[in-house]
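Since the structure comes first, as structure tokens, the remarks are kept for the end.
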Amino acid sequence: MQPMDTRPDLKPEIDFRDLLKRPGKLFGYSYFYFLIILTGLGISYVGNLTVIGKNAVPAVVLKDSSAFVADIPFQSPATLPPVDVMKAAVPTSDMIERGKELYRANCSSCHGENGGGDGPAGVVMNPKPRDFRAIAGWTNGSKVSQIYTTLQEGIIKNGMASYSYLPPADRFAMIHYVRTFATGQPIDTPEELQALEAIYQLSRGMSRPGQIPVKKALQTVISEHESSVRRIAQMAEETTTAMSEGAEVFNRVVRDRTKVLAAFTYAGPAVTDLEQFVKMVSSGPVELGFSADVVQLSATEWSMLLRYIRETRTRGGA
Ligand code: HEC
């Protein structure tokens, strides 16, 4: 007997020398691990399919832009009280207080809380919004009458809008607040103030047209149409119980009563010509609310259908 036979079998389970000769075998040994890894990846893939299917970069979520754009406020038509320019040109602490509030609401986005012309909205502007802390270099000037002109007319080419829609008294309040950012402001001569009065007729008051918010206007338009919508729904209801040959044909070929009635009664033109009616319906039965097999109606049925629709239209008072 050879010694090999008596010794316990120490041949390793994996013969690495053999593996080097036949590397294909390696796969046989590691196959099980691959299987586990692949299964793991597969499960995670399926689990994340919704994410993988989408763009890998998360989409920018845009909020409804109506949230950014404030609606215009309710405003009843009004005659704004006349302003005595001579009086309005003299600042009072009440005016400055009120001016500060109005400035924060209307102007600070560009001109900055502290009047430095450094508001967030003004950053990209050229020229920059006026720095109210400086006295020199103004386009129109910082006298009361000059700022009033700026607010009335705007300096459109430079990005300063007109605020002519604000009541004159509010504008004077803002003017006085704006002038507090610098000391040594120039003073208007009486002639300059009189000229302001002469140009803008401030002592006459100002009439302001009424306005309603866009949202409210839309609601009004919609509610005005509600009655016809309701009428069509009522007509549709009536057709379900009508007992005539025409009604029978109608109920057989109509899928969406409201659509058909809207097209041929309220909104639509009065169709009287049979040939025209058949052509209209056949050109797009489904869009008009008919079932597709309406085209298979006999000539008699077509005319019964048209007559029934016309009767319904008349009954509906359309
Ligand atoms: C959209 C940005 C913006 C807003 C909002 C804005 N302004 Fe201006 N404003 C400007 C710019 C830009 C100028 C510079 C115009 C120029 O240099 O001619 C300016 C200039 C001015 C001037 C100086 C005019 C001159 O003679 O140089 C005054 C006064 C003024 N704004 C007042 C106001 C007041 C008051 C408000 C609020 C009711 C306001 N602005 C709101 C952008 C803005």
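Here is a yes/no grid of residues against (1) at pLDDT below 80; (2) open to solvent by less than 70 Å² (accessible area, probe 1.4 Å):
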{"residue": "ALA198", "(1), (2)": "no, yes"}
{"residue": "GLY205", "(1), (2)": "no, yes"}
{"residue": "ARG208", "(1), (2)": "yes, yes"}
{"residue": "ALA217", "(1), (2)": "yes, yes"}
{"residue": "SER223", "(1), (2)": "yes, yes"}
{"residue": "SER228", "(1), (2)": "yes, yes"}
{"residue": "GLU238", "(1), (2)": "no, no"}
{"residue": "GLY246", "(1), (2)": "no, yes"}
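In the stretch 18-119, counting only helices (runs of 4 or more DSSP H) that sit wholly within it, the ones holding 1 or more residues that are at pLDDT 80 or above span 24-47, 85-88, 93-106, 108-111. Considering (1) among the hydrophobic types (A, V, I, L, M, F, W, C); (2) under 19 Å from VAL85 (Cα atoms); (3) in contact with a Cys (Cβ under 8 Å, 6 or more places away or on another chain), the lone condition that MET125 does not fulfil carries the number (2).
Within the stretch 163-199, being of a type in the set (S, T, N, Q) and within 26 Å of GLY116 (Cβ to Cβ) holds for SER164, THR180, THR183, GLN185. Could you please let me know if PRO129 is part of a loop (DSSP other than H, G, I, E, B), more than 10 Å from the ligand (Cβ to nearest atom) and touching a helix residue (DSSP H, G or I) at 6+ places or on another chain (Cβ under 9 Å)? Here the answer is no, as PRO129 does not meet what is asked. Test VAL254 against the criterion of being over 20 Å from SER227 (Cβ atoms) and in contact with a Gly (Cβ under 9 Å, 6 or more places away or on another chain), and give yes or no. In short, yes. Scan the stretch 132-148 for residues that are more than 7 Å from the ligand (Cβ to nearest atom), farther than 17 Å from GLY99 by Cβ and in contact (Cβ under 8 Å) with a residue 12 or more places away in the chain and the total you get is 2. Remark: ASN158 falls outside the filter, which requires a residue to be in the same structural domain as ALA195 (by TED's automatic domain parsing), more than 6 Å from the ligand (Cβ to nearest atom) and surrounded by fewer than 18 Cβ atoms within 10 Å (Cβ to Cβ).
The values are calculated or read from the model by the stated rules, or taken from the named source; none is laboratory data. None of these values were measured; they are calculated from a predicted model. Using ideal geometry, Cβ is built from the backbone for each residue, glycine included, and neighbour counts are taken over all protein chains shown. Side chains included, ligands, DNA and RNA excluded: accessible areas come from the protein's heavy atoms. Shrake-Rupley method; radii C 1.70, N 1.55, O 1.52, S 1.80 Å.
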